[in-house]
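Engineer: Dumping the structure here so I can ask a few things about it.
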Amino acid sequence: MASLTILKVAEIMPTKQPLHEVSNEEKKKLKDSIKEIGLLYPLVVTRTGDKYKILDGRTRFQIIRQLGWDVVPCLIVEEDNWIEKITRIPFELELYRRHLSSGERKKYEKVLQKKIDRPEDILESIGEFFTPKVAEKIKEALLERFELDAMSKIVSAIKNLPAEKQLQIIDKLITGSSDAMA
C-alpha cells in the first residue's frame, strides 16, 4: 500500500545510485520545469528509522535541494513484502514511466528478474537501509537461514528500530530464542 503526503526535505535520504543516468542537459530542463510549474511527480520513498529513503526520484530530489525547498510531495510505500518492493519499484518505474525502446525495456526486465532471483542482489539493495554492521549481519545470518519471504518479514519488522535493537533481534533469531521479536 502507498500513501501520498508532504515530507520535510531534511527527513529524506537519497540512495546511492540512480538506475537511469540523467545528462546535465536533462537535469537543466528538469530544474527549469520544476522552477516554472512545480514538481509533477512525487518522490517515491519508504520509511527507514526516523528518515525516508528514496526509491524513485533521486534527480528530482537533488534539484529540490538545490532550489532550497523545505518540503516535497512524496508517495510513501508501506510495508508488506518490503524487500520485493524496494527491489522492484525502482525498476518498475523505469520500465513504465520512461519512453524506452523495446530493446531497452527487455534489458531492464532482465536486470529486474536477475535482482529478484538473486538474494545477493537483494541484500545489496537492503544494505542502503541499514547500517553497514546490521547489513553484514543480515547477510551472514539471515540469508542462509531463512527463505526470502521470511527474511522480508524479518527485515520489515526491524527496519525502523535502532541499529542496536536490530542486532539484538538478529542475534536472538540466530540462536533460536523464542522471544526474538520481543
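Engineer: Suppose the filter is at pLDDT below 75, out of contact with any Phe, Trp or Tyr (no Cβ under 7 Å at 6 or more places or on another chain) and not polar (S, T, N, Q); does D171 pass it?
Structural biologist: No; evaluated as a whole, the condition is false for this residue.
Engineer: Taking the options K107, K159, name whichever one is open to solvent by 50 Å² or more (accessible area, probe 1.4 Å) and at pLDDT 75 or above.
Structural biologist: On inspection, the qualifying residue turns out to be K107.
Engineer: If you don't mind, there's one more thing I want to ask. Taking the residues in the range 24-67 that are of a type in the set (G, A, S) and at pLDDT 90 or above as candidates, determine which candidate is nearest to the chain's Cα centre (by Cα).
Structural biologist: The first filter runs over the range 24-67 and keeps only residues of a type in the set (G, A, S), leaving 33, 38, 49, 57.
Still in the list and also at pLDDT 90 or above: 33, 38.
Details: S33: 25, G38: 24 Å.
It comes out as G38.
Engineer: Sticking with this structure for a sec: Taking the stated definitions as given, is R98 surrounded by 14 or more Cβ atoms within 10 Å (Cβ to Cβ) and modelled with pLDDT under 75?
Structural biologist: The answer is no for R98.
Engineer: Just the residues that are open to solvent by less than 20 Å² (accessible area, probe 1.4 Å) and in a helix (DSSP H, G or I), please, taken from the range 29-47.
Structural biologist: I34
Engineer: Of all residues in the range 3-23, count the ones that are modelled with pLDDT under 75 and open to solvent by 50 Å² or more (accessible area, probe 1.4 Å).
Structural biologist: Summing the residues that are modelled with pLDDT under 75 and open to solvent by 50 Å² or more (accessible area, probe 1.4 Å) in the range 3-23 gives 5.
Engineer: Could you grab me the full set of residues in the range 48-69 that are crowded, with 17+ Cβ neighbours inside 10 Å and either touching a strand residue (DSSP E or B) at 6+ places or on another chain (Cβ under 9 Å) or of a type in the set (F, W, Y) (or both)?
Structural biologist: Matches in the range 48-69: T48, Y52, K53, I54, L55, D56, G57, R58, R60, F61, I64.
The values are calculated or read from the model by the stated rules, or taken from the named source; none is laboratory data. Fair warning: this is a prediction, and the values are worked out from it, not measured in the lab. We place every Cβ from the backbone using ideal geometry, glycine too, and count neighbours over all the protein chains shown. To get the accessible areas, we keep the full protein, side chains included, count just its heavy atoms, and leave off ligands, DNA and RNA. Shrake-Rupley method; radii C 1.70, N 1.55, O 1.52, S 1.80 Å.
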